[in-house]
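Structure first, then comments.
The values are calculated or read from the model by the stated rules, or taken from the named source; none is laboratory data. For clarity, every value in this text was computed on a predicted model and none was experimentally measured. FYI the Cβ positions are ideal-geometry reconstructions off the backbone, even for glycines, and counts take in every protein chain you see. For the accessible areas, the whole protein counts, side chains as well, though only heavy atoms, and no ligand, DNA or RNA atoms are used. Shrake-Rupley method; radii C 1.70, N 1.55, O 1.52, S 1.80 Å.
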Amino acid sequence: FVLSSEFNDHTLADPDSSIEERIALTAKTGGISVLITSLTDALAFLVGASTVLPALGWFCTYAGVSIVFCYIFQLTMFLPALALNARRVQDNRRDCLCCLRVGPRRLNDPKGCCDLCCTPRVCGDEMLRRGLKYSAEKVTTVPGQIITVVLFLIMAGLGIAGSTMIYKDFKLEWFIPDNSYVNEFSRINNEHFASGTRISVNLRETPDAFAHQSSLREVYGYLNTSELVNQDAGVGSWYK
């Protein structure tokens, strides 16, 4: 989009210049923006490739190298294709059927759908302009504003309701190759030496141990008889 926009700007500014000159100016002005964006994105991913997590490192490497090649292809493939398309436009040939010619027209003239299925008056820029004007006029009315606010509140409510359903489901094994010995170790460990999660029972305030000794005994007794607690692991208590 950046290169196409720059080429159109240079064409409108100096339509008598050659296609080669306009392509060179496009690469000069638009190429800098594409270079900076691609460079920062590629560096961010390639730095992330140094992580110790294999899956994340592979993804960052793939994304960083892909961005570099994407920038190279923009210069070596897209710009030549843009020059070929400019030659087609200069010869007044149709976009879908290059063997057919049309009458000469300016670059910013309204266009139809591929100049085949309908006229510019129906499907061209005029239709888009009329549609945007109509929608803007309706949205700025009082009913339109009310509908907009109601839709926003509905979307906000759905977003808040959805955020309450978010849960964390993460296992470190997902980032380790399937054939790694670490996964084999985790499988055997979970199968033969699985243990529950250690918990601690804390009190909000420091109570009088003597005055609340009956309550402390009840908590200790519950933990020692609960099915949710592994009795083989034992329950430790500072009170006992």
- Output for Cβ contacts, cut-off 8 Å, separation at least six or different chains, first residue part of a helix (DSSP H, G or I) in region 128-157, second at pLDDT below 90 and among the aliphatic types (A, V, I, L, M), reads 145/139; 148/139
- Message: Give me the residue from region 63-80 that is without any contact (Cβ under 8 Å) to a residue 60 or more places away in the chain and among the aromatic types (Phe, Trp, Tyr) and, out of that set, surrounded by the most Cβ atoms within 10 Å (Cβ to Cβ).
- Response: 71
- Note on the structure: Among the residues of region 164-189, the number that are within 24 Å of residue 228 (Cβ to Cβ) and modelled with pLDDT under 80 is 5
- How many residues of region 35-63 are under 19 Å from the mean Cα position of the chain (by Cα) and within 21 Å of residue 1 (Cα to Cα)? The answer is 7
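Residues checked against (1) farther than 21 Å from residue 65 by Cα; (2) in a loop (DSSP other than H, G, I, E, B); (3) at pLDDT 90 or above:
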{"residue": "6", "(1), (2), (3)": "yes, no, no"}
{"residue": "11", "(1), (2), (3)": "yes, no, no"}
{"residue": "17", "(1), (2), (3)": "yes, yes, no"}
{"residue": "21", "(1), (2), (3)": "yes, no, yes"}
{"residue": "28", "(1), (2), (3)": "yes, no, no"}
{"residue": "31", "(1), (2), (3)": "no, no, no"}
{"residue": "37", "(1), (2), (3)": "no, no, yes"}
{"residue": "40", "(1), (2), (3)": "no, no, yes"}
{"residue": "43", "(1), (2), (3)": "no, no, yes"}
- Message: Return the pair list, or none, for Cβ contacts closer than 9 Å from residues in region 81-98 that are over 24 Å from residue 27 (Cβ atoms) to residues that are of a type in the set (Lys, Arg), at least 6 apart or on different chains.
- Response: 92/101; 92/105; 93/87; 93/101; 94/88; 94/101; 98/88
- Going through region 23-39 one residue at a time, which ones are free of Cβ contacts under 8 Å to residues at least 24 places away in the same chain and open to solvent by less than 80 Å² (accessible area, probe 1.4 Å)? 24, 25, 29, 37
- Task: Determine the pairs where a residue that is within 17 Å of residue 56 (Cα to Cα), located within region 166-189, has a partner that is polar (S, T, N, Q) with Cβ atoms under 8 Å apart, the partner being 6 or more residues away or on another chain.
- Result: 173/183; 173/186; 176/183; 177/183
- Within region 208-235, how many residues are over 15 Å from residue 196 (Cα atoms), modelled with pLDDT of 75 or more, not charged (D, E, K, R) and not in a helix (DSSP H, G or I)? 3
- Message: Anything in region 189-219 that is under 50 Å from the mean Cα position of the chain (by Cα) and either open to solvent by less than 70 Å² (accessible area, probe 1.4 Å) or farther than 30 Å from residue 54 by Cβ (or both)? List them, or say none.
- Response: 189, 196, 199, 200, 201, 202, 203, 204, 205, 206, 219
- Task: Mind listing just one residue for me: the one in region 45-55 that is in a loop (DSSP other than H, G, I, E, B) and free of Cβ contacts under 8 Å to residues at least 40 places away in the same chain and, of those, surrounded by the fewest Cβ atoms within 10 Å (Cβ to Cβ)?
- Result: 52
